[in-house]
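> First the structure, which I've put down as structure tokens, then a few questions once you've had a look.
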Amino acid sequence: MTGPVELTGYVRKGIGGFYYVETAQGLYQCTARGKFRKERISPYAGDRVRITAEEDMTGAIQEILPRKNFLVRPPVANLDRLFLVTSMRDPAPEPLILDKTIAVAELRGIEPVLVFTKTDLEEAGELERTYRLAGLRCCVVSSVTGQGVEEVRALLEGKISAFTGNSGVGKSTLLNALFPQFQLKTGEVSQKLGRGRHTTREVELYKIGEDSYVADTPGFSTFDIERYQLTDKEELPHGFREFAPYLGQCQFSSCSHTCEKGCAVLRAVEEGKIALSRHRSYVAMYQEIKDVKQWQLKNKNV
């Protein structure tokens with residue numbers, strides 16, 4: 001190669017203002033053009049980008065190619081599957097956070113996969129039944145006994161995937177069980193706080209096969225749905241896939257599916273076709289956004 005050339009590739013990692021882009025010619029350490037800062041956008045792990053590449057394996061990102069989807073937290077783009085890792089104990093599951101994350105994934109065209117960890121300490125039981133009833137893919141995992149690890153591995157093949165969930169639920173431990181060569185740092189759960197210390201400092205895509213990548217992502221204990229533009233109460237029901245057969249079947253076309261007479265969704269809850277806990281999460285989310293006006297969001301960087 002003589003002089004700079006244009007290449008395309010995937011952003012594998014961004015740290016300290018540098019982005020590591022995998023191309024057919026190798027891995028390049030790149031900077032991002034100033035225009036991205038002016039436009040208030042940043043390259044994410046998983047972005048397909050066009051770069052100007054130099055002979056010394058450095059370069060500059062010139063263009064972020066169109067994304068099929070992206071998440072703000074964790075900051076990752078072009079995902080096929082989002083693995084939501086939740087432990088059965090230490091820390092305990094938080095269904096509302098799970099359901100918010102699932103809704104974001106569904107509305108972004110990302111397949112959510114529930115992964116229940118630490119099942120050697122406590123069975124997934126009712127929680128697993130809730131999400132299987134919703135039609136969601138579930139994996140019951142124990143990194144201690146090895147249960148479910150191969151099932152997760154199979155779901156990663158040929159996909160760009162990310163793992164997310166509360167700190168301390170065992171994301172990095174699970175990835176280490178799947179891919180010992182990564183040796184991702186793991187941390188003890190803080191007994192005082194009841195949540196894990198943050199052990200993952202940035203998002204990085206790990207190549208695990210010909211067209212397979214997985215991201216280890218920072219844990220989170222809060223979730224700001226406004227940052228995901230999950231603010232449209234008309235769109236929200238579509239974040240709950242089990243509602244789909246009943247939408248349009250209500251007595252009133254303006255039904256919010258929260259408390260109305262003649263609501264087909266509420267009838268399905270009463271009949272046990274939709275889990276009560278899932279509907280409670282929907283109502284909590286609806287109450288949170290029902291008064292948000294779209295014009296209020298226009299100037300917000302969400």
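The values are calculated or read from the model by the stated rules, or taken from the named source; none is laboratory data. The model shown is predicted, which means the values in this text are computed figures rather than measured ones. Note that each Cβ is placed from the backbone with ideal geometry, even for glycine, and that neighbours are counted across all protein chains shown. Note: accessible area is taken over every heavy atom of the protein model, side chains too, but ligands, DNA and RNA are not part of it. Shrake-Rupley method; radii C 1.70, N 1.55, O 1.52, S 1.80 Å.
> What aspartates and glutamates sit close enough to residue 233 to cross-link, taking a C-alpha to C-alpha distance under 18 Å and skipping anything fewer than 8 places away on the same chain?
Cα-Cα hits under 18 Å: 99, 106, 224, 242, 260, 288, 291.
> Would you mind telling me the share, in percent, of accessible area of segment 1-89 contributed by carbon and sulfur at probe 1.4 angstrom?
49 percent
> Residue 123 label point, 7 Å along Cα→Cβ, cut-off 19 Å on backbone N: hits in segment 135-165?
Within reach of a label on residue 123: 138-149.
> Using 0.36 nm times the number of residues separating residue 6 and residue 63, minus their current alpha carbon distance, what extension gain do you get?
Length difference between fully extended and current span is 19.4 nm.
> What does the net charge come to around residue 251 if you take all other residues with beta carbon closer than 13 Å to its beta carbon, with K and R at +1 and D and E at -1?
+1
> Residue separation times 0.36 nm, minus the C-alpha to C-alpha distance between residue 289 and residue 150: what's the value?
46.1 nm
> Hey, another quick one. Can you tally the lysine pairs in segment 1-152 where the Cα-Cα distance is under 23 Å and the two residues are eight or more apart, or on different chains?
The number of close lysine pairs in segment 1-152 is 7.
> Let me ask something else about it. If you take every residue apart from residue 261 with its C-beta less than 13 Å away from the C-beta of residue 261, what net charge results, scoring Lys and Arg +1 and Asp and Glu -1?
-1
> While we're here: What percentages make up the Cα-Cα pair-distance distribution of segment 79-119 when the bins are 10 Å wide from 0?
30, 51, 19, 0
> Using only C-alpha positions, report the orientation-averaged shadow area of the convex hull of segment 116-177, nm², one decimal.
Mean projected area of the Cα convex hull: 4.6 nm².
> Give me log10 I(q)/I(0) at q = 0.11, 0.15 Å⁻¹ for segment 10-104, Debye formula, one equal scatterer per alpha-carbon, no solvent.
Debye output, listed in q order: -0.42, -0.66.
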